[in-house]
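The values are calculated or read from the model by the stated rules, or taken from the named source; none is laboratory data. Not measured: the values here are computed from a predicted model. Using ideal geometry, Cβ is built from the backbone for each residue, glycine included, and neighbour counts are taken over all protein chains shown.
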Amino acid sequence: MKIILLILFLCISIFGNVIYSWNEIEYLENSNVYVKKGTNNLVNANLKTFYTNGNLKSKINIKQGKMNDLQEEYYRNGKLKSKVNMLNGKINGLQIDYYNNGQIKLKGIFKNSILNGKLYKYYKTGVLKLEGNYTNGKQNGMFQEFSKSGIILTKYSIKNNILNGVVSIYSTNGDLYSELIYKNNILQKGYLYDKKGKNVNMNKKDFLNAGIKPPRGVR
């Protein structure tokens, strides 16, 4: 018995990992840490939560009072909902979200819980919906949006959330439909193309009246 207790003590000392239930833990908002209830002892724990049907709901890893390493969340049907890497309570690295059919919904790279790298969004069928790049939470680089059948719908280049240049908009068959010209995120003019590729110069009012919209988040 003494040998078993000694082994348990050594395991806890080496891995710094004590299993708690959520009922034993409280979150201190002022210091942003998890502690053992009624104490100031920082939690080190691998926790699991469950749905009422018994299926796994989440896996949570806490080290020194903060979420660290891989965190996982599940749908009620048992399918993985999301997995994310965390460091000291913030998302650092890859986050992947899933639909309840198992297809990937979103993939993004984060640094301190701020988008900082490639972002991909998908339709429920698995077809790519959007791809782009972020730097410190701001859009930077080429962005493209696609239809459910995989045809490109919108393409533009942006720097620090500011558009200076052309936004290309395509029809559902992949033909170039219009081009919007921006300066400092403000629409200046645009071109509308017919099936033969002929363009007609249009002003901002004409485009808005035609229902042609700029990329999401841009005016």
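Things to note:
- Pairs with Cβ under 6 Å, 6+ apart, first in region 114-130 and more than 24 Å from Gly89 (Cα to Cα), second acidic (Asp, Glu) and assigned to a strand (DSSP E or B): Leu130/Glu145
- Exactly one residue among Gln103, Gln139 is within 16 Å of the chain's Cα centre (by Cα) and surrounded by fewer than 16 Cβ atoms within 10 Å (Cβ to Cβ), and that residue is Gln103.
- Filter result for the condition that a residue is over 13 Å from the mean Cα position of the chain (by Cα), under 30 Å from Val166 (Cβ atoms) and not aliphatic (A, V, I, L, M), over Gly150, Gly54, Gly89: Gly150
- Selection over region 57-84 of residues that are aliphatic (A, V, I, L, M), modelled with pLDDT under 95 and either more than 19 Å from the chain's Cα centre (by Cα) or within 22 Å of Lys124 (Cα to Cα) (or both) gives a count of 1.
- Restricting attention to region 168-209, the residues that are at pLDDT below 75, assigned to a loop (DSSP other than H, G, I, E, B) and loosely packed, with under 12 Cβ neighbours inside 10 Å total 5.
- Contact map, region 32-56: residues that are in the same structural domain as Lys90 (by TED's automatic domain parsing) and assigned to a strand (DSSP E or B) paired with residues that are of a type in the set (A, V, I, L, M) and exposed (fewer than 13 other Cβ atoms within 10 Å of the Cβ), Cβ distance under 8 Å, separation 6+ or inter-chain. Pairs shown: Tyr34/Leu28; Val35/Leu28; Ala45/Ile19; Asn46/Ile19; Leu47/Ile19.
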